[in-house]
1. Show that you can apply the helix-only estimate: for the chain, add -39,500 (n - 2.57) for every DSSP H stretch of four or more residues, divide by all residues, and state [θ] at 222 nm to the nearest 500.
2. Of 27/83; 76/102; 48/106; 195/244; 215/242, which ones are farther than 24 Å apart at the Cα?
3. Largest first and to the nearest Å, give the Cα extent of the stretch 178-263 along each principal axis.
4. Could you give the accessible area per residue of the stretch 56-173, probe 1.4 Å, as a whole number in Å²?
5. Evaluate the distance, in nm, between pseudo-label points positioned 7 Å from the Cα of residue 253 and of residue 156 along their respective Cα→Cβ axes.
6. Report, in whole Å, the centroid distance computed from the Cα atoms of the stretch 81-118 and the stretch 1-26.
7. Under 8 Å for C-alpha pairs, at least 6 residues apart: give me the relative contact order for the stretch 110-204, rounded to a whole percent.
8. What is the calculated FRET efficiency for residue 123 to residue 14, with r their C-beta to C-beta distance and R₀ = 25 Å, to the nearest 0.05?
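The values are calculated or read from the model by the stated rules, or taken from the named source; none is laboratory data. Since the model is a prediction, treat every value here as computed from it, not as a measurement. Neighbour counts are summed over all protein chains in view; Cβ atoms, including those assigned to glycine, are modelled from backbone coordinates with ideal geometry. With ligands, DNA and RNA removed, areas are computed over all heavy atoms of the protein, side chains included. Shrake-Rupley method; radii C 1.70, N 1.55, O 1.52, S 1.80 Å.
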Amino acid sequence: MAYLNSTQLQNWKKDGFLKIPQYFTTKEVAELQNWVNEISSWEPTSDKWLHHYESTSEGPRLSRTENFIPYHSNMKTTVTSGKVHDIVSELMAEPAVIYKEKINYKYPGGGGYAAHQDAPAYEFVDFHITCLISVDTATPESGCLSFAKGRHQEGFIALDQNGCVSPETAATMSWQPVPTLPGDILLFGSYIPHKSSQNQSDEPRRIIYLTYNAKSDGDWREKYYADKRQVFTQYASDGSEKNKQISKIAHFQGKTVENAEFD
């Protein structure tokens, strides 16, 4: 089954990202919201899902959850089969496999993300496609994603010591905010520069991010999470500031607080 028309495919190639409104029905959105609520209520663990926390004006709040699909059957089905998997496979022109999954909550006051490309943080495979599922409304005020349209064709762009696009280069780029409503999806590749601001609204901006690679490049999901646990354990013991990151690149602009996963 083909999900995309020729205009959408042309825009994808030209822009480096593609928004599809109302990809999920109202009923499906309600299910996704319930599942995100369930996952966010899970107690921290040291060997299963990964919760990351940040400091907000309302106290510590969840910033991100990763590695949740092995522990939530409905989410696993949504991620590994059906219309999300199929549309990503269509863009890849071959079957896709899940590389990693996360929920970014961005509660009121939650931190934004500096201009970056995903490729430097996802080093086991050269190219990935992420499908963003909007669980809540995302606006410029609440910190929706902004993209540097068309800049995905340039490879790595001005990487700084944090693994991000250097602030000087980012300041010269033209950024397009892409608001989303619950049920909308945004597809983007691992080389398109993007960023988001702090949530300055009174509502959360919860978003599911599902990242895939081509099946022909192998199944790297378990390797990715094992590597992340190992690296962050090192960060916690080496006295550097890297243990305050939530990724291998230091793009998160919020203030992290102690996280049980890496104690």
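1. After summing the helix terms and dividing by the residues of the chain, the value is -7500 deg cm²/dmol.
2. Beyond 24 Å between Cα atoms: 215/242.
3. Between the extreme Cα coordinates on each principal axis of the stretch 178-263 lie 42, 41, 22 Å.
4. Dividing the accessible area of the stretch 56-173 by its residue count gives 36 Å².
5. According to this spin-label approximation, the distance is 2.3 nm.
6. 14 Å
7. Working: 186 pairs, mean separation 50.4, N = 95.
With pairs under 8 Å counted, the relative contact order is 53 percent.
8. Working: r = 27 Å, r/R0 = 1.07.
So, using R0 = 25 Å, E works out to roughly 0.40.
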